[in-house]
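The values are calculated or read from the model by the stated rules, or taken from the named source; none is laboratory data. Bear in mind the structure is a predicted one, so any value in this text is a computation, not a measurement. Ideal geometry is used to build each Cβ from the backbone, glycine not excepted, and the neighbour counts take in all protein chains shown.
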């Protein structure tokens, strides 16, 4: 691109494709008329009032193969956006990406970094794993100059290998069940059921069954699991398991079903005593006490993944350890007002020392 000074009254044909690189302001009836940088020169001349011949305007003229900022930003945004994301038209050279549906935002952070290092893209996103509402802005994409090399833009997009940088996974799973062992008292179970039911409703899911077992026999527990799975349950919550015990009957029962243990323990606080298994495609969550009664915990972090059908793996949990102090970071992953303090009812049903986060 080349910078030139255009004077109102000059022949416009020599400045094809030029855009303003500085704001222009001229008086009209005692009030200033301002045209912002980035506006095409031809459009600026139409908008400026008459009678200002000779005024100098600083413009940029593109070289062959260069894209204007709005076109480059739109092209980059198309490469960034995946399923569940809609694009706004470019405005002042920037494209806003919005959630087209409610769901779980997934962002490839490494791809964001690659694009930002390319020199032809400025990409900013919300956090991976954020619950988003329809219409919420989840990212912005902008070319960093009024003109950029189109070939460089295409090379930056080719480095993505056709994979979207950001997408929104809808909440698909709706049928959730809970299995509780003998460690859970009836009063505790009633409180947990009310809390979990209310929480699930935010995602369009329901607690369709609760099984309070009268013994902790792995055979009986496995039968309860199998009955729920056969009934079409899409997520199983397990209360009363003790992850630190290799012979824990709830984990033994999961293995009897040939469930695959995805993780045992997590680098999240509260949530270090959490475990996840998969019976086929159905996730099973082993919940510690802190996850049952409305306190912010790993359950709040991983429930959206399960309901959106996003895999919960050791690699995912290893990454979530960065920012895993949930009281410090979780507000950035949820809309305002998503959480409330644990109720007095929960504290009454499950009293525990203040210094103990999990049992």
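List of remarks:
- Residues that are surrounded by fewer than 21 Cβ atoms within 10 Å (Cβ to Cβ) and in contact (Cβ under 8 Å) with a residue 60 or more places away in the chain, drawn from segment 72-105: 82, 83, 100, 101, 102
Every residue, every condition in (1) assigned to a helix (DSSP H, G or I); (2) within 18 Å of residue 40 (Cβ to Cβ); (3) at pLDDT below 95, yes or no:
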residue: 57; (1), (2), (3): no, yes, yes
residue: 73; (1), (2), (3): yes, yes, no
residue: 98; (1), (2), (3): no, no, no
residue: 120; (1), (2), (3): no, no, no
residue: 139; (1), (2), (3): no, no, no
residue: 153; (1), (2), (3): yes, no, no
residue: 157; (1), (2), (3): yes, no, no
residue: 164; (1), (2), (3): no, no, yes
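- Looking at 236, 191, just one residue is surrounded by 21 or more Cβ atoms within 10 Å (Cβ to Cβ), in the same structural domain as residue 275 (by TED's automatic domain parsing), at negative phi and part of a helix (DSSP H, G or I), and that residue is 191.
- Looking across segment 141-151 at every residue that is touching a strand residue (DSSP E or B) at 6+ places or on another chain (Cβ under 7 Å) and not in a helix (DSSP H, G or I), the one that is surrounded by the fewest Cβ atoms within 10 Å (Cβ to Cβ) is identified as 144.
- Residues satisfying the stated conditions in segment 258-289, i.e. without any contact (Cβ under 8 Å) to a residue 40 or more places away in the chain and either farther than 14 Å from residue 238 by Cβ or outside the structural domain of residue 305 (by TED's automatic domain parsing) (or both): 258, 260, 265, 281
- Flag not set for residue 193, criterion: modelled with pLDDT under 95 and out of contact with any strand residue (DSSP E or B) (no Cβ under 7 Å at 6 or more places or on another chain).
- Residues being farther than 17 Å from residue 299 by Cβ and surrounded by fewer than 22 Cβ atoms within 10 Å (Cβ to Cβ) - total across segment 249-266: 7
- If you go through segment 154-169 and keep only what is free of Cβ contacts under 8 Å to residues at least 24 places away in the same chain and within 17 Å of residue 107 (Cβ to Cβ), you end up with 161, 162.
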